[in-house]
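Notes follow once the structure below has been shown.
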Amino acid sequence: MKLLEYQAKQQFAAAGIPVPAGRLARTPAEAAAAARVLGRVAVKAQVPIGGRGKAGGIAVVETPDDAEREAARILAMDIRGYPVRSVWCETGLEIDSELYLGITLDRDRRRMAIIFSAAGGMEIEQVAEEAPEKIAKLWPDPFVGPQAFEVREMVFAALRHAPQLRAQVLAVQVASLTQKLYSLAVSLDAMTCEINPLVLTPDGQLIAADGKLEVDENAHYRHRALALELAQDATGDDGRTGDDPFEVEAERRGLTYVHLDGDVGVIGNGAGLVMNTLDLVKQHGGDPADFLDVGGGASAEKVRNSLEMVLLDPRVRGVFINIFGGITRGDEVATGVIAARDQLRITKPLVVRMTGTREEEGRALLEEAGITPAISATEAAQKIVALTRDSA
Amino acid sequence: MKLLEYQAKQQFAAAGIPVPAGRLARTPAEAAAAARVLGRVAVKAQVPIGGRGKAGGIAVVETPDDAEREAARILAMDIRGYPVRSVWCETGLEIDSELYLGITLDRDRRRMAIIFSAAGGMEIEQVAEEAPEKIAKLWPDPFVGPQAFEVREMVFAALRHAPQLRAQVLAVQVASLTQKLYSLAVSLDAMTCEINPLVLTPDGQLIAADGKLEVDENAHYRHRALALELAQDATGDDGRTGDDPFEVEAERRGLTYVHLDGDVGVIGNGAGLVMNTLDLVKQHGGDPADFLDVGGGASAEKVRNSLEMVLLDPRVRGVFINIFGGITRGDEVATGVIAARDQLRITKPLVVRMTGTREEEGRALLEEAGITPAISATEAAQKIVALTRDSA
Amino acid sequence: MSVLVDSKSRVLVQGITGREGAFHTEQMRAHGTNVVAGVSPGKGGQDANGVPIFDTVAEAVTATGADVSGIFVPPPFAADAIMESAACGIALTVCITEGIPVHDMIRARAFVERARTLLLGPNCPGLVTPGQCKVGIIPNHINIPGPVGIVGRSGTLTYEVIQGLGQAGMGQTTSVGIGGDPVLGLTFSDVLALFAADSQTRAVVMIGEIGGADEETGAEFIRSSGFDKPVVAFISGRTAPPGKRMGHAGAIISGNSGTAQSKIDALTAAGADIADTIEEVVRLVGERLGARAL
Amino acid sequence: MSVLVDSKSRVLVQGITGREGAFHTEQMRAHGTNVVAGVSPGKGGQDANGVPIFDTVAEAVTATGADVSGIFVPPPFAADAIMESAACGIALTVCITEGIPVHDMIRARAFVERARTLLLGPNCPGLVTPGQCKVGIIPNHINIPGPVGIVGRSGTLTYEVIQGLGQAGMGQTTSVGIGGDPVLGLTFSDVLALFAADSQTRAVVMIGEIGGADEETGAEFIRSSGFDKPVVAFISGRTAPPGKRMGHAGAIISGNSGTAQSKIDALTAAGADIADTIEEVVRLVGERLGARAL
């Protein structure tokens, strides 16, 4: 779950991290009201992706009237498919320097990494390529958290090549800021928690001018309020949505589904097996339409539900069902496939490959129902590609 | 800094620990208003000591009128020297069982100890003597904090001898409660953080019915708001105070001072040295009036200030000043003593023993000013006891 | 011989009274596993089909000498269960639970490391030494004893390999599913090191997937440790698009890292055979075992 | 010989640019201490009377090989300074700072333990091996080399003993002030163990006070370890009322524990001589050294 800019800033502020004064507006009138209080503001589209500035999603305005007009314009926009449902009206900052401070999961170290850079305002990946000496990292012990001395070491290391910055002031200020940001990242189950740019003002204050916060999907249950708030921005009464509508529907159905570009529907059990099924379809010249993992011990009903889901995409010309029977039973899968075909009057080709528990029973049921089972996954892949090419 | 009941409960509530509904009242009218909202309440004197129930500081009332009357009565009380400046009006609880949950510094382990007992409502020390099998403890790693499994182990251990309690429900609930209480204790720098009794209601809720919270003196700078709030209750416009007025004055002067019962004033540098000076005075038949440590490197001004402080107590018949000269210089001390005597026109006997840095210079100054210095602490103790007994 | 578990392993099940825990405990016992205890807080003193239940792992270990634990508790409580197991000195903790928050796992893994015990998983199928001991959810009927060591990130794909090898007459010393999460316990290199030291293991199959760099680290281990057994590797997700999480929390290509190609290149450079399909895995293992037998 | 520090110790001062740090650095150097570096974040590159200053302990250690650190930073930053020192592998960290919050010290002490380094203090006067190395604030002029090991909780009282012994011609191997806080690093037993192993130390003076049980633990160590050097003990606070904190955060009698009598009893039972005054300490040490010399 990626938080919007205003959510991230509200979280920063609550954690004691200074942010520019700002107000959320969901209507042009609210934007005008914000400008009346705040004066000159930037009116910023709230969308969960970058590049909104280039797309015209940010306007700096001097008066409440201008704020109202620009907010009306921006709230009518879609940016890269994401409808703008709110704008953040924010005062400007005087800038001495732009820094970067981020926390993100480092898989290889199995810890969060804290990253500080003396070059803020651009993507950290870009800095890593162009000026790696300006970046320093810290991997705090997860129980101890970042200690002030460790942060100072990190800051002094990154500032060694930026002599114009006042290292002394920064080292102490960044230490306290980092401890707050780390606590926030932990308490929000953040996969990424980033301040970029972290602005140093001429009077020596550090202010989070923009931020990114992404919450671990596995931990959503601990952050329902945020998710609810986010949902308000994600889909409105007008039904506009920036997310893939098939993936939205799959989430509603409780299915692990990824929408892809092709025309061969794919269903399997186990993430690795499904990925491998996609690979097989590609290998034989086909183009997968989705990734759908029914998981372990799938019931006939779940198989039916999954098949219905995959076929919602009108581009799908046929479906390849690849099941390894362990806890999942072949006869259950077959029953689900047959029920789905009959209830949904599916006429598109279905190829089912199953092996393992109750494989014989499953195959017998399928054959009886006129669906030809395949023995090997390779054979099945060839078959579905041939069938969907035929129907093209 | 010992928090009052209402402060502790507000802290508990903020940390997500259930407490009975309650309101603070500083006037009888406020108590009546509280009773109008809450119905039947207990009106409880807010004083930083125990035994208020026996002293008549708690009244259970049915109506707002009664609340007003009882609050007026209680707000006029002094309980063991502490004037009552506020009452906490609180609804009652249905009680299935009373438990105990506390966190306190364990010096020997250099960690906080978490203590759980199946017998709540009485002092934990008493339970430890009468039914030690009902107490279980846990010393969490300070970086890891108490993990749920550790708390469950503790609870199952304490409940082994209290079979009537529903161990399963309790183990899970207490785990979450303990983690909240521990976080609170750490964030408040608590030396002691105790829920007693922790009430189990007939419908299986755990509620903090009373609590004790004591904040580390060294960490007061992190908890100024609480200290400020507490000061409101400690001294009112009427000048009534429950704390020793001499110690209050010493704190105002920034001196490390403990008021004692005797008549020999004691000033020294270093806690151990001053304690030893008290011991010496006692050994030679005297009775110390105070413990005052001027600390390391004391200036003449601090010595003057200290002498003035000690002499504020009219019972003091003479003062023994015992200084080891390290960073503290003998001539500084002598200058301070002489200045104090002259400015304050002190006529009571002063005995000064000093050794170490600039000992000769100091002694010379004192002799010149007519104050006889002593060579050894033992000799000085004999001298001050003799002089103060003479003047009795 | 085998790695990690064998007929002497004394297995504890945490969450034995849950639906999954109860079902798989019986499956494990059906495979000959010596399940000595279960833990379910508050149900101490009861039993599950004859397996004694305890309130805490500490009690279970004291009473039964359990040395391996299988965890089948829901995600919000799983990290705590892992730490409880590690704190009680259980030598190997196998966590089946899927969906544990990453920050929970970062802490749990650090805790396990500090306790100097081993963790397999989470979000893994567990492991099996055929006919001796199974901890987890690998289907019983596919496992037969033999000379191949298997280590895989994906569950079902690992089952496919086990079954494919079995149908071709090649059994396993031990099959180990390390799991698909970004933060996990034993990695490819850890398990490869165990297989290196196991005299009965004559060939190893590695089943990797996109995301992270554990396959690359495994390849580096093979290269630098002088690993002298044939390795056949299979990587799924070769056609997965970057930035899309493919089911497993760890199966995601971020930027230029975690691609199938980088893994295949690293493994090829380390001397492993790369198979494109399960059938090819089986064929290559057969060839290598045959070649070694000569 | 000596314990903990000697002429080879390379001393770092954390907080060298503060008032206390600057003053005592010069005092330490005046006593012959080899102060090789100072740390003051943001002042790296400067120097303090010729002692190079670094931004971090890590840099100071790399550049100068410092192995002992003296900490003179204000209470809110002292725990962090202790952890920085320990993290950089400084073998002995001496923290002079008074008034560190207890929870800070609980964490700092756990950190130091994990780093397997030693901490003396906080809220202590430090230590001195006369004529070789002093870290802390023990006055210079009182220390002379000799056969007595001194370990005390109180600063000035320890100085009194050092001076008293010196005036009677008895010098010290090392004088160690462990500090008066409830949570501290080296304890009486730790330092007694060091004196036990130091061949030059022929008698030991222990200066305790009310509060806690460290004197009792020290007595237990003397009893159980077969400590074979004479111990003269002195306990202050015999007449202190319970529940009143006597200056030191740790000097408080709580309930029945921490009384002077319990400490005196334990030490007497362990075979130590108890002195009632400083003069008696000097007399008893003289007797015991004399007796041993026979």
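Observations on the model:
- Some residue of region A:368-384 being surrounded by 20 or more Cβ atoms within 10 Å (Cβ to Cβ) and among the acidic types (Asp, Glu): no
- Residues in region D:252-281 that are more than 10 Å from chain B (Cβ to nearest Cβ) and crowded, with 24+ Cβ neighbours inside 10 Å: D:LYS263, D:LEU267, D:ALA272, D:VAL281.
- A:GLU359 being touching a residue at least 12 places away in the same chain (Cβ under 8 Å), of a type in the set (Asp, Glu) and within 14 Å of chain C (Cβ to nearest Cβ): yes
- Test result for C:ALA249, small (Gly, Ala, Ser), within 22 Å of the chain's Cα centre (by Cα), buried (at least 24 other Cβ atoms within 10 Å of the Cβ) and within 13 Å of chain A (Cβ to nearest Cβ): yes
- Those helices (runs of 4 or more DSSP H) lying entirely in region B:241-333 with at least 3 residues more than 7 Å from every other protein chain (Cβ to nearest Cβ) and among the acidic types (Asp, Glu): B:245-253
- Number of the exception - D:ALA108 against (1) at the interface with another protein chain (Cβ under 8 Å from one of its Cβ atoms); (2) part of a helix (DSSP H, G or I): (1)
- In region A:184-202, the count of residues that are of a type in the set (Asp, Glu), within 16 Å of the chain's Cα centre (by Cα), within 14 Å of chain C (Cβ to nearest Cβ) and within 17 Å of A:ARG111 (Cα to Cα) is one or more.
- Listed by position, the strands (runs of 3 or more DSSP E) enclosed by region A:164-231 that each have at least 2 residues that are aliphatic (A, V, I, L, M) and closer than 24 Å to C:GLY247 by Cβ are A:190-200.
- Test: residue in region B:125-141 that is in contact with a His (Cβ under 6 Å, 6 or more places away or on another chain), away from chain C (no Cβ under 14 Å), within 23 Å of B:GLN7 (Cβ to Cβ) and of a type in the set (Asp, Glu): no
- Being modelled with pLDDT of 95 or more, charged (D, E, K, R) and closer than 17 Å to B:ALA13 by Cβ holds for only one residue in B:LYS180, B:LYS212, and it is B:LYS180.
- Those residues of region A:195-234 which are surrounded by fewer than 20 Cβ atoms within 10 Å (Cβ to Cβ) and β-branched (Val, Ile, Thr), in sequence order: A:THR201, A:ILE207
- Options B:ARG110, B:ARG69; residue that is more than 20 Å from the chain's Cα centre (by Cα), in the same structural domain as B:VAL186 (by TED's automatic domain parsing) and not β-branched (Val, Ile, Thr): B:ARG110
- Residue within region C:102-120 that is among the small types (Gly, Ala, Ser), within 23 Å of A:GLU217 (Cβ to Cβ) and in contact (Cβ under 8 Å) with a residue 60 or more places away in the chain present: no
- When C:ASP190, C:ASP181 are checked against the criterion of being outside any helix (DSSP H, G or I), on the phi < 0 side of the Ramachandran plot and among the charged types (D, E, K, R), a single residue qualifies: C:ASP181.
- Here region C:62-90 is the region considered, the condition is being among the aliphatic types (A, V, I, L, M) and over 15 Å from C:VAL36 (Cα atoms), and the residue that is nearest to the other protein chains (Cβ to nearest Cβ) is C:MET83.
- One residue stands out in region A:272-318 among those that are among the hydrophobic types (A, V, I, L, M, F, W, C) and more than 15 Å from A:VAL258 (Cβ to Cβ): the one that is surrounded by the most Cβ atoms within 10 Å (Cβ to Cβ), namely A:LEU280.
- Screening B:VAL352 against (1) more than 8 Å from every other protein chain (Cβ to nearest Cβ); (2) without any contact (Cβ under 8 Å) to a residue 40 or more places away in the chain; (3) assigned to a loop (DSSP other than H, G, I, E, B) leaves a single unmet condition, (3).
- If you filter region C:209-246 down to residues that are in a loop (DSSP other than H, G, I, E, B) and β-branched (Val, Ile, Thr), you find that the one that is farthest from the chain's Cα centre (by Cα) is C:THR239.
- Annotation: B:THR192 fulfils all but one of (1) buried (at least 19 other Cβ atoms within 10 Å of the Cβ); (2) closer than 25 Å to B:ILE79 by Cβ; (3) not charged (D, E, K, R); the unmet one is (1).
- Members of region B:362-392 found to be more than 14 Å from chain D (Cβ to nearest Cβ), of a type in the set (A, V, I, L, M) and in contact (Cβ under 8 Å) with a residue 40 or more places away in the chain, listed by number: B:ILE384, B:LEU387, B:ALA392
- Any chance A:ALA300 is within 29 Å of A:THR355 (Cα to Cα) and modelled with pLDDT under 95: yes
- The residues of region A:1-21 that are in a loop (DSSP other than H, G, I, E, B), aliphatic (A, V, I, L, M) and modelled with pLDDT of 95 or more, listed by number, are A:ALA15, A:ILE17, A:VAL19, A:ALA21.
- Screening region D:105-134 for residues that are out of contact with any Ser or Thr (no Cβ under 7 Å at 6 or more places or on another chain) and more than 23 Å from B:ARG107 (Cα to Cα) and picking the one that is surrounded by the most Cβ atoms within 10 Å (Cβ to Cβ) gives D:PRO130.
- Among the residues making up region A:22-57, those that are under 25 Å from A:LEU206 (Cα atoms), assigned to a loop (DSSP other than H, G, I, E, B) and more than 24 Å from the chain's Cα centre (by Cα) are A:GLY39, A:ARG40.
- Of D:GLU20, D:GLU98, all but one fail to be within 27 Å of D:ALA249 (Cβ to Cβ), modelled with pLDDT under 95 and either touching a helix residue (DSSP H, G or I) at 6+ places or on another chain (Cβ under 8 Å) or crowded, with 23+ Cβ neighbours inside 10 Å (or both); the exception is D:GLU98.
- Residues of region D:247-274 that are hydrophobic (A, V, I, L, M, F, W, C), farther than 27 Å from B:GLU129 by Cβ and assigned to a loop (DSSP other than H, G, I, E, B): D:ALA249, D:ALA270, D:ALA272.
- In region C:230-244, residue farthest from C:GLY286 (Cα to Cα) [restricted to those that are free of Cβ contacts under 8 Å to residues at least 60 places away in the same chain and either in contact with a Lys or Arg (Cβ under 7 Å, 6 or more places away or on another chain) or surrounded by 19 or more Cβ atoms within 10 Å (Cβ to Cβ) (or both)]: C:ALA240
- Considering residues of region D:201-223 that are surrounded by 23 or more Cβ atoms within 10 Å (Cβ to Cβ) and among the small types (Gly, Ala, Ser) only, the residue farthest from the other protein chains (Cβ to nearest Cβ): D:ALA203
The values are calculated or read from the model by the stated rules, or taken from the named source; none is laboratory data. Computed from a prediction, not measured in an experiment: that's the story for all the values here. Cβ: placed from backbone, ideal geometry, glycine included. Neighbour counts: every protein chain shown.
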